[in-house]
Amino acid sequence: MAEQALSVVGFVCAAVAVLFQPVVFGLAGVALGVAGHVRGEPLGRWAAIAAGAGMLAGTVLSILLAPG
């Protein structure tokens, strides 16, 4: 588990970005995914992609559900 730590935290940030502060958690997830990829973690690239998608989805949801 420790060998994939950055990627796992990147995926967690991707999931959190959909519901809470998408820009903050999305960018953190992308950064962690890229860092994991650079360190040779196989899931690093996918964590960065998932965080970007989570950031986009969270932003769209917040625009659609915002009152007024």
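The values are calculated or read from the model by the stated rules, or taken from the named source; none is laboratory data. If you're wondering where the values come from, they're calculated on a predicted model, not measured in any experiment. Glycine also receives a Cβ, built like all others from the backbone with ideal geometry; neighbour counts cover every protein chain displayed.
Taking A31 as the residue in question, decide whether it is crowded, with 22+ Cβ neighbours inside 10 Å, modelled with pLDDT of 95 or more, under 9 Å from the mean Cα position of the chain (by Cα) and not polar (S, T, N, Q).
Here the answer is no, as A31 does not meet what is asked.
Looking at (1) loosely packed, with under 15 Cβ neighbours inside 10 Å; (2) free of Cβ contacts under 8 Å to residues at least 40 places away in the same chain, which is the one condition that is false for G36?
With respect to (1) loosely packed, with under 15 Cβ neighbours inside 10 Å; (2) free of Cβ contacts under 8 Å to residues at least 40 places away in the same chain, G36 is out only on (1).
Which of the residues belonging to the range 1-12 are out of contact with any helix residue (DSSP H, G or I) (no Cβ under 6 Å at 6 or more places or on another chain) and either in a helix (DSSP H, G or I) or of a type in the set (V, I, T) (or both)?
A2, E3, Q4, A5, V8, V12
Looking at the range 55-66, can you tell me whether even one residue there is touching a Gly at 6+ places or on another chain (Cβ under 6 Å) and in contact (Cβ under 8 Å) with a residue 12 or more places away in the chain?
yes
So that you can scan it fast, the table gives a plain yes or no per residue for (1) outside any loop (DSSP other than H, G, I, E, B); (2) hydroxyl-bearing (S, T, Y); (3) over 24 Å from E3 (Cβ atoms); (4) under 8 Å from the mean Cα position of the chain (by Cα):
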position: A14; (1), (2), (3), (4): yes, no, no, yes
position: V24; (1), (2), (3), (4): yes, no, yes, no
position: H37; (1), (2), (3), (4): yes, no, no, no
position: G40; (1), (2), (3), (4): no, no, no, no
position: A50; (1), (2), (3), (4): yes, no, no, yes
position: G54; (1), (2), (3), (4): yes, no, no, yes
position: L61; (1), (2), (3), (4): yes, no, yes, no
position: L64; (1), (2), (3), (4): yes, no, yes, no
position: G68; (1), (2), (3), (4): no, no, yes, no
